[in-house]
Every structure is written in structure tokens, then in C-alpha cells.
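Trainee: Starting off with a structure, shown below.
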Amino acid sequence: AVKNDGKNAWLYYNPVMQANIIQRVSFEQSLRDALFNDEFSLHYQPIVSAREGKVCGFEALLRWQSSNYGVVPPMTFIPIAEECGLIIPIGNWVLKNACQFALRLLEKGYKDFFVAVNISVKQLKHPDFVANVRELLAEAGLPASYLELEITETVLMDAIEDNVKKLLELKELGIKLALDDFGTGYSSLTYLKQLPIEVLKIDKSFVADLTDCEKTVGMIESIIQLSHRLGIQVVAEGVETSEQQLSLQGYDCDMTQGYLTCRPVPDSDVFVFLEKKSRPG
Ligand code: C2E
Ligand code: MG
Ligand code: MG
Ligand code: MG
């Protein structure tokens, strides 16, 4: 057998590896073309108050309808976009379109809402990120308070001080910050204390366990209480049943998001959803 010590690995022809590289290159090329070919769109999912079901905001979720691959889920293409740097132009596209959506809501007379945009750590680390966001908001003429940026906790843990500095600059602009997928990483209390966030989103894996695991109940209750003590509002993600919704109300959760209220939908359907909501009865 050939000893593969890494150093001379390239000497040995490996057809599987070769095929993977070709696949990878063509996938990246499709991703690169997707922006120009207008294959991306945003869906929006309402985030509602846990008690009254009042709409508080919307999370923008990126969708890719590829001419080569069909519908590709974000969990598949986002990590690759991060690796090859495409997340920067794609992320800017998302921010720009989410701002346009917020403007349309304002035009229709809605005032009490925020639009939440997922941000990758590669974007946050980019030296121009804060300036980019500031410019995008100025160009759109959108007050920063309508924008919320969601950042996952795992992503913040390395280089915490640099990241906190960036987050403070964003906060200074008037943007709201949310910690996404809470509970999936290490969820250290030290980080929670350091991060200048207004919102914490409990990961959907916790919510899924809620009704049949006493320990999960204890954790969710404690996370909510602790958050409130720190002046942080809590959103529960992935709420699919009214049983979960009722439990979360009981634990004093502030907001919920999930299929129970509404799936992520194209922006035109958001307006239909809002009209139905505001209709009496
Ligand atoms: P996330 O930010 O945690 O978004 C919530 C995910 O949960 C979305 O998956 C949403 O469709 C799904 N979801 C909502 N309600 C329910 C429910 O009741 N049950 C279940 N099982 N799932 C629910 P989606 O749209 O596939 O996005 C997956 C992830 O991809 C997001 O997780 C986010 O991390 C990432 N992502 C999506 N759009 C963007 C983007 O524009 N930029 C970046 N950097 N990441 C994005
Ligand atoms: Mg999110
Ligand atoms: Mg999440
Ligand atoms: Mg996620």
C-alpha cells in the first residue's frame, strides 16, 4: 500500500478525488453564476409574539433555484459559498434585498417590525463589513432599527474580542443583533455576558424536545429567565405544534417562529399573510 503522509499524496492518481474536484469546481461555478443569472430569492418567515401571535418581524431565508442542480438548500451551498469567498457578494445581495423588503413594508404602512438577516462569520470578519452595511442602509434610506442581524454562537467564539468590537460598531449604527441557534454550540455563559445582543434564538432542536423531555424544559426555562435578567429577548425557533407554543408561553418566551404560524414564504405571500392577520375575526 502507498503510504499517504500528506506530503506526496498528489503524486498518486486518485480518480475518485479527481471526480470530486471536478464536481466541486462545477458546483462553485454554478454558485458564482447564480447571482448573475438571478437564481437567488429570499423567503420570509414571520416571527410573532408568543402570547398574542402579533407579528414582530421576519427572518429572511435565502433560496437557490439552480439551473443545474434544481433547488439547493442553504445548508448545502452556504458552507461552500463561505469557503470560496462568494458569501461576500451573496451576503450583500441578501442584505440589499432584505432592505428593499423592509421598505415595501413601510410603504404599505407597517411600522412595528424588523427584518432579520443571517450573517456568516466570514462577512462579519471582512474589514469592510460595517461600512458596507452602513452604505446599504443609507442607499436604501432605511432606518437601521428595522434591521436585525443574526449570528450563530459557534461562529463568534474564536477571536471573541475582535468580533465583539465589530458587533458594537454595528450596534452603534442602530442595528439589532441576535444570537442564532443558541444551544447547538458550547453556549458558554461567559460569551453570553460579553455579547452585545438584544435577542437570543433558542435552536429548534430544543423546541422539538420540549414536550417529552423534562431536562429540556428546565434548560429552556432557565435560558429564558437568564436572558431576561440580562435584558435579552428570547425567540423560540421551529415551533410546529400548539402544544409547544403553549408551553413556551408558560415559560415567558417572548417570541416564536415556526411552521405552526407560517412557513418561510415569498414576499408576495407575506403581504397576504399580513392582510389575513389584520382582518377582524
Ligand atoms: P436558521 O437561521 O436557524 O434558520 C431557521 C431554519 O429553520 C430555516 O431553514 C427555516 O426554514 C427552518 N424552519 C423554520 N420553521 C421551522 C419549523 O417549524 N420546523 C423546522 N423543522 N424547521 C423550521 P433554512 O431556510 O433551510 O435555512 C437553514 C440555515 O441556512 C439557516 O438556519 C441559516 O443558518 C442559513 N441561511 C439561510 N439563509 C441565509 C443567508 O441569507 N445567509 C447566511 N449566511 N445563512 C443563511
Ligand atoms: Mg437565523
Ligand atoms: Mg436558527
Ligand atoms: Mg442555523
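The values are calculated or read from the model by the stated rules, or taken from the named source; none is laboratory data. Everything numeric here is computed off the predicted structure, so don't read it as measured data. Positions of Cβ are backbone-derived with ideal geometry, glycine not excepted, and every protein chain shown enters the neighbour counts. For accessibility, only protein heavy atoms count, side chains too; no ligands or nucleic acids. Shrake-Rupley method; radii C 1.70, N 1.55, O 1.52, S 1.80 Å.
Trainee: What accessible area per residue, rounded to a whole number of Å², is obtained for the range 86-209 using a probe radius of 1.4 Å? Display every interim value, and only then the final one.
Mentor: Numbers: 5550 Å² over 124 residues.
Averaged over the residues of the range 86-209, the accessible area is 45 Å².
Trainee: Can you bin every Cα-Cα distance in the range 177-267 into 5 Å intervals starting at zero and give me the percent of pairs per bin, rounded to whole numbers?
Mentor: 3, 14, 27, 26, 17, 9, 4, 1
Trainee: For the chain, what is the convex hull (Cα atoms) projected area averaged across all directions, in square nanometres? Spell out each step's value before the answer.
Mentor: Values: hull surface 75.1 nm².
That works out to 18.8 nm², a quarter of the Cα hull's surface.
Trainee: Right, something else. Over the range 218-260, with the other protein chains present, what is the accessible area per residue in square angstrom, probe 1.4 angstrom?
Mentor: Working: 2050 Å² over 43 residues.
With the other protein chains kept in place, the range 218-260 gives 48 Å² per residue.
Trainee: What is the calculated FRET efficiency for Gln194 to Arg279, with r their C-beta to C-beta distance and R₀ = 51 Å, to the nearest 0.05?
Mentor: 0.70
Trainee: Using a 7 Å offset from Cα along Cα-Cβ at Val25, what residues in the range 79-103 end up with backbone N under 17 Å from the label point?
Mentor: 84, by backbone N distance to the label point.
Trainee: So, one more: Out of residues 5 or more away from Val115 or on other chains, whose amide H comes under 5 Å of its own, with H placed 1.01 Å from N in the peptide plane?
Mentor: Phe58, Leu147, Glu148
Trainee: Grab the DSSP H runs of the chain that are 4 residues or longer, score each as -39,500 (n - 2.57), total them, divide by all residues and round the 222 nm result to the nearest 500 deg cm²/dmol. Could the numbers behind the result be given before it?
Mentor: Numbers: 12 runs with 137 residues, N = 281.
The helix-only estimate for the chain comes to -15000 deg cm²/dmol at 222 nm.
Trainee: Just to verify a number: what accessible area does Tyr44 come out at with the full protein assembly present, 1.4 Å probe, Å² rounded to tens?
Mentor: 10 Å²
Trainee: Quick one: order Met17, Met255, Met75 from most to least accessible surface, probe 1.4 Å.
Mentor: On the way: Met17 100, Met255 10, Met75 170 Å².
The ranking, largest first, comes out as Met75, Met17, Met255.
Trainee: Further question on the same structure: When all protein chains stay in place, what accessible area (Å², nearest 10, 1.4 Å probe) is found for Cys84?
Mentor: Rounded to the nearest 10, the figure is 40 Å².
Trainee: May I pose another question? When the Karplus curve 6.51 cos²θ - 1.76 cosθ + 1.60 is applied with θ = phi - 60°, which whole-Hz ³J(HN,Hα) does each residue of the range 204-219 get, with x for Gly and Pro?
Mentor: These are the phi-based 3J(HN,Hα) values: 5, 5, 5, 4, 5, 7, 3, 7, 10, 9, 4, 5, 4, 4, x, 5 Hz.
Trainee: Further question: Over the Cα atoms, compute the radius of gyration (one decimal) and Dmax (the largest Cα-Cα distance, rounded to a whole number) for the range 241-281, in Å.
Mentor: 12.4, 34
Trainee: OK, next. Whole-Hz Karplus ³J(HN,Hα) for the range 62-72, in order, using 6.51 cos²θ - 1.76 cosθ + 1.60 and θ = phi - 60°, x for Gly and Pro?
Mentor: 6, 10, 10, 9, 8, 5, 8, 10, x, 6, 10
Trainee: Here's a follow-up. What figure in square angstrom, to the nearest 10, would you give for the accessible area of Trp93 with a 1.4 Å probe?
Mentor: 60 Å²
Trainee: Taking all protein chains as present, what is the carbon and sulfur share of the accessible area of the chain, in % to the nearest whole number, probe 1.4 Å? Don't skip to the end; give the middle numbers.
Mentor: Numbers: 7980 of 15030 Å².
Roughly 53 percent of what the probe reaches on the chain is carbon or sulfur.
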